[in-house]
Amino acid sequence: MKQAFTKISAACATGALIAMALPAIAQTHDHGADDIYKGYFDDNQIADRALSDWAGDWQSVYPLLLDGTLDPVMADKAAHGDKTAAEYTAYYEIGYATDVDRITIAADGQVAFYGENAVTEATYADDGYEVLTYSKGNRGVRFVFAKTSGDAAAPAYIQFSDHRIAPASSDHYHLYWGDDRAGLLEELTNWPTYFPSEMSGAQIVDAMIAH
């Protein structure tokens, strides 16, 4: 299992990263919510977001994958994808892997990471966003926050990806964290994923299949 704060990170693996987006280019499309969720949007639709968009108490879905709760999700992926359920499970065992089972985020920027044996806390401030372009032609936005104070063991940067590109409360997210801001943008194999802690396993299954 990956160790906490040793460059584990999170993101939707929608395809190999091929380039960070260049400055905004004029577009003529009218992309709605469904297009944006799939990674198709115009640069002028992107807007800064506050850490309060991710405020709350969050649980990792990795334990749910390991104990079989997410088996229906893997079966659904197999029914619509190009892998067997077992192959999807193996893929997500790498993608979801983390030993941080819980994260709490306060609107004032205080973030606590609950590891196997310790809690690590720090305060984070907005550090902009990065637009990534994938080989399929779709894109993603990483919203970046930098540590301003807190435990030395807490990561210097956290980067959120949740299929949204403008201010909105998140219902789940994939989190990258580590001390190398640029290096985190290249991570595509490990994307610890978090849903609200109050959700049951069955509710998370329903939400994942709905996507």
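The values are calculated or read from the model by the stated rules, or taken from the named source; none is laboratory data. Fair warning: this is a prediction, and the values are worked out from it, not measured in the lab. Using ideal geometry, Cβ is built from the backbone for each residue, glycine included, and neighbour counts are taken over all protein chains shown.
The residues in segment 178-211 that are outside any loop (DSSP other than H, G, I, E, B) and touching a Lys or Arg at 6+ places or on another chain (Cβ under 8 Å) can be counted, and the count is 3.
When residues of segment 68-108 are filtered for being of a type outside the set (D, E, K, R) and under 20 Å from Pro192 (Cβ atoms), how many remain?
Result for segment 68-108: 20.
Look through segment 166-177, keep the residues that are surrounded by 15 or more Cβ atoms within 10 Å (Cβ to Cβ) and either touching an Asp or Glu at 6+ places or on another chain (Cβ under 8 Å) or modelled with pLDDT under 95 (or both), and return whichever of them is farthest from Trp58 (Cα to Cα).
First, pick out the residues of segment 166-177 that are surrounded by 15 or more Cβ atoms within 10 Å (Cβ to Cβ): 170, 172-177.
Next cut, either touching an Asp or Glu at 6+ places or on another chain (Cβ under 8 Å) or modelled with pLDDT under 95 (or both) only: 170, 172-174, 176.
Values: Ser170: 11, His172: 8, Tyr173: 9, His174: 11, Tyr176: 15 Å.
The residue in question is Tyr176.
For segment 125-135, give me each residue that is on the phi < 0 side of the Ramachandran plot and within 17 Å of the chain's Cα centre (by Cα). Those that are on the phi < 0 side of the Ramachandran plot and within 17 Å of the chain's Cα centre (by Cα): Asp126, Asp127, Tyr129, Glu130, Val131, Leu132, Thr133, Tyr134.
Filter segment 153-169 down to the residues that are without any contact (Cβ under 8 Å) to a residue 60 or more places away in the chain and in contact with a Leu (Cβ under 9 Å, 6 or more places away or on another chain) and list them by number. First the steps, then the outcome.
Going residue by residue through segment 153-169, those that are without any contact (Cβ under 8 Å) to a residue 60 or more places away in the chain are 156-158.
Selection gives Tyr157, Ile158.
Restricting Phe145, Phe113 to residues that are over 22 Å from Met208 (Cα atoms) and in contact with a helix residue (DSSP H, G or I) (Cβ under 8 Å, 6 or more places away or on another chain) narrows the list to Phe145. Does Ala146 fit the bill of being more than 11 Å from the chain's Cα centre (by Cα), farther than 20 Å from Leu66 by Cβ, part of a loop (DSSP other than H, G, I, E, B) and in contact (Cβ under 8 Å) with a residue 12 or more places away in the chain? Criteria not met by Ala146.
Selection of segment 48-66 for residues being farther than 14 Å from Ile204 by Cβ and either crowded, with 21+ Cβ neighbours inside 10 Å or of a type in the set (Val, Ile, Thr) (or both) yields Arg49, Leu51, Trp54.
Filter segment 11-61 down to the residues that are in a strand (DSSP E or B) and not small (Gly, Ala, Ser), then identify the one that is modelled with the lowest pLDDT. Give the derivation first.
Just the residues of segment 11-61 that are in a strand (DSSP E or B), to begin with: 17-20, 56-60.
Pick out the ones that are also not small (Gly, Ala, Ser) and you get 17-18, 20, 57-59.
Working: Leu17: 36, Ile18: 30, Met20: 33, Asp57: 98, Trp58: 98, Gln59: 98.
Selected residue: Ile18.
With respect to the conditions (1) buried (at least 16 other Cβ atoms within 10 Å of the Cβ); (2) part of a strand (DSSP E or B), Thr98 falls short on a single one, namely (2).
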